[in-house]
Amino acid sequence: MAQSTLPAPPELAQAPPVDAPTIGVRALWPYLRRHRPTLVLVVALSLLSAAAALATPLLTQRFIDDLGAGEAIASTLALLVAAVLIGSVLDGLITYLLSRTAGGVVLDTRVRLVDRLLRLPVAELDRRRVGDLISRVGADTTLLSAVVTSGLVQLVAGLVVIVGAIVLMARLDALLLLLTLVATGVGVAAVGIVSTRLRPLSEQAQAAVGAMTAGVERVLGAVRTVRAARAERRESAAIAAQAHAAYRAGLRVARVQAAIEPLAGIAIQGAFLAVLGAGGASVATGRISLGELIAFVLLLFLLVQPLAGAIMAWTSIQTGLGALARIEEVLALPPEDVGDPTAQPTPVVGAPLLELRDVHFAHADGTVALRGVDLVVARGMKVALVGPSGAGKSTLLGLVERFHDVSAGSLLVEGVDVRDWPRDALRARIGYVEQEAAVLAGTIRDNLLLAVGEASDERLTELLATVNLTGIATRSPLGLDAPVGDGGVLLSGGERQRLALARTLLSAPDLLLLDEPTASLDAINEAALRRAIDAVAQERTLLVVAHRLSTVADADLIAVLDHGRLVASGTHAELVASSDLYRRFATEQLLA
Ligand code: ADP
């Protein structure tokens, strides 16, 4: 059944493994460093705002005492209004600056993440789930934003007000301050202990979202197969199970967050009750004035607001750190090494364009794909690789592109080991047309310009004509800017390959690696692909994984691979005469 092309089903409904490093608050610093000037400005404005906020109770105290004593109140009232207005405007400005910084942090992180993802070694990407990586770029980075806006701001601005309020309280009454500190101190300690559980839980919740995104990506990537297999309901249920797992992981975070609020509330209420009780008694005995008690209570208000904010900020930072761990895990992966881009290896005079010497290769999971292959591809040759599925043909092309490095032996381009070529210089000399997904979502133009960036419309139209694809640019009024669909679904299989061939013509590489489509094409498409390959092969060297008799028939050399070994080589006529395996293969496997 067609379903066999789907990747392995996801592990359902269980908490995904978390292999991210454990990180602390300090890990946030590199993300904030670039925004230091704004953050310094925010701290300065917060100090001003705090001063305005702290002046309010003192001015109120003066206002009440002056009013009671029958003195002039106009200037005090004016100062009070000014303090309130300045404080409010500053708060608005601070909120904006912080949101802007948060947006900047998210932006930088996304740019870094995407850049790293595109540079990861192919083997690393092969073993990961695309949806989970996408979720790190989207959902995880979004959580960082809350760390900056509701987290850091409140912590910084809050701490200033808290310290200021405590200093002013100390000047007013030491006993009431002591009561306040004991009550709030107990609460803060309790919250601190509970919130340490948040970070790992948040990390699990984000991983669950990643697993769900990977599940969605898995079925949408094979939507035709899913439909044809009538598997919508089952697959939808599988993703729903993942969504439920994410929901449950989110609830575990919410439960800890919910426990924090009453803890903070009890501490704050306790402080109020203690201050009002002891303060009321002190006013009754005449130890302090009513104005002083009111000022103290207003300061207490000033204290608890940022205190509650700081507590919530701490929880939001802990949650953000969970997401940050997933981001850091990707950023910590070493990118594919590019080699020394300035190094220009000197080609060995007279060396073949490509040579494999006793090449062995095993994939990361230990699957041995090539066992001692020797092959010489001289400039201008057309070399065909044939052999049963799993023989190692595609792997061999991947080694030339250095998607992987040989396990033993060596692979030389113009006599120089591919590991001594800067990757960019090596890949610039090679064109590669993969069997599947050789076309990206976008327009015809985007696809043609993938390697070179720009070319005139005339040149592009000419290229399309060379591969007999003029039709795809004329059937839509959009011409070259007509979309090709996700993965080129709006094109036929043969058209996709020919569009990819046209792309390689534009960058004019010396060596073209082509993984021929296995699917049988209709006669017109077949002939068109044939002509396109011939056109491409005319001026360059071609190494093609062949599935067609017509492709091998005129090859200068056919290399027969079986179980990773080169078992025979020669021209079609030679092999038909000398190799039983080839003869059988040619009649039973190659598309006529
Ligand atoms: P062919 O192109 O001849 O069909 P491949 O080069 O695709 O063969 O595969 C050669 C062997 O390597 C097969 O056993 C295949 O299962 C294995 N293989 C291919 N790609 C990977 C991979 N990314 N990870 C592990 N094993 C792989």
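A few comments on the model shown:
- Hits in segment 388-405 (condition: in a loop (DSSP other than H, G, I, E, B), open to solvent by 20 Å² or more (accessible area, probe 1.4 Å) and in contact with a strand residue (DSSP E or B) (Cβ under 7 Å, 6 or more places away or on another chain)): 388, 404
- Criterion (away from the ligand (no atom under 16 Å from the Cβ), open to solvent by less than 60 Å² (accessible area, probe 1.4 Å) and over 30 Å from residue 289 (Cβ atoms)) met by exactly one of 115, 132: 132
- Answer from 297, 304 - the residue that is assigned to a helix (DSSP H, G or I), without any contact (Cβ under 8 Å) to a residue 60 or more places away in the chain and more than 16 Å from the ligand (Cβ to nearest atom): 297
- Among the numbered conditions (1) at pLDDT 85 or above; (2) farther than 24 Å from residue 294 by Cα, the only one that residue 59 does not meet is (2).
- Where residue 414 falls short, out of the listed (1) away from the ligand (no atom under 16 Å from the Cβ); (2) among the charged types (D, E, K, R); (3) surrounded by fewer than 17 Cβ atoms within 10 Å (Cβ to Cβ); (4) under 27 Å from residue 534 (Cβ atoms): (3)
- Condition check for residue 321: in the same structural domain as residue 156 (by TED's automatic domain parsing) and either at pLDDT below 90 or in contact with a helix residue (DSSP H, G or I) (Cβ under 7 Å, 6 or more places away or on another chain) (or both): yes
- Residue in segment 367-379 that is basic (Lys, Arg), open to solvent by less than 20 Å² (accessible area, probe 1.4 Å) and within 16 Å of the ligand (Cβ to nearest atom) present: no
- Among the residues of segment 347-356, those that are within 38 Å of the chain's Cα centre (by Cα) and more than 16 Å from the ligand (Cβ to nearest atom) comprise 353, 354, 355.
- Of the residues making up segment 239-256, those that are open to solvent by less than 60 Å² (accessible area, probe 1.4 Å) and aliphatic (A, V, I, L, M) are 239, 240, 241, 243, 245, 246, 249, 253, 254, 256.
- Sole residue being within 13 Å of the ligand (Cβ to nearest atom) and either closer than 25 Å to residue 497 by Cβ or surrounded by fewer than 18 Cβ atoms within 10 Å (Cβ to Cβ) (or both), chosen from 441, 364, 428: 364
- Residue 447 fulfils the conditions (1) in contact (Cβ under 8 Å) with a residue 40 or more places away in the chain; (2) within 30 Å of residue 470 (Cβ to Cβ); (3) open to solvent by 20 Å² or more (accessible area, probe 1.4 Å) except for a single criterion, (3).
- Any hit, segment 421-431, residues being of a type in the set (Lys, Arg), in the same structural domain as residue 535 (by TED's automatic domain parsing) and in contact with a helix residue (DSSP H, G or I) (Cβ under 6 Å, 6 or more places away or on another chain): no
- Hits in segment 213-230 (condition: modelled with pLDDT of 85 or more and surrounded by 15 or more Cβ atoms within 10 Å (Cβ to Cβ)): 213, 214, 215, 216, 217, 218, 219, 226
Yes or no, residue by residue, for (1) open to solvent by 20 Å² or more (accessible area, probe 1.4 Å); (2) within 30 Å of residue 399 (Cβ to Cβ); (3) outside any helix (DSSP H, G or I):
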| position | (1), (2), (3) |
| --- | --- |
| 258 | yes, no, no |
| 269 | yes, no, no |
| 278 | yes, no, no |
| 310 | no, no, no |
| 346 | yes, yes, yes |
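- Which numbered condition residue 177 misses (of (1) in contact (Cβ under 8 Å) with a residue 60 or more places away in the chain; (2) buried (at least 20 other Cβ atoms within 10 Å of the Cβ)): (1)
- Qualifying residue in segment 431-446 (condition: of a type in the set (Phe, Trp, Tyr) and assigned to a loop (DSSP other than H, G, I, E, B)): no
- Yes/no for residue 524 being closer than 27 Å to residue 428 by Cα, modelled with pLDDT under 85 and away from the ligand (no atom under 16 Å from the Cβ): no
- Residue among 234, 252 that alone is of a type in the set (Lys, Arg), out of contact with any Leu (no Cβ under 9 Å at 6 or more places or on another chain) and assigned by TED's automatic domain parsing to the domain that holds residue 199: 234
- Total residues in segment 374-394, condition within 13 Å of residue 354 (Cα to Cα) and touching a residue at least 60 places away in the same chain (Cβ under 8 Å): 9
The values are calculated or read from the model by the stated rules, or taken from the named source; none is laboratory data. On a predicted model such as this, the values are computed, not experimentally measured, just so you know. Here Cβ is always computed from backbone atoms with ideal geometry, including for glycine, and neighbour counts include all displayed protein chains. Just the protein is used for accessible areas: all its heavy atoms, side chains included, with ligands, DNA and RNA removed. Shrake-Rupley method; radii C 1.70, N 1.55, O 1.52, S 1.80 Å.
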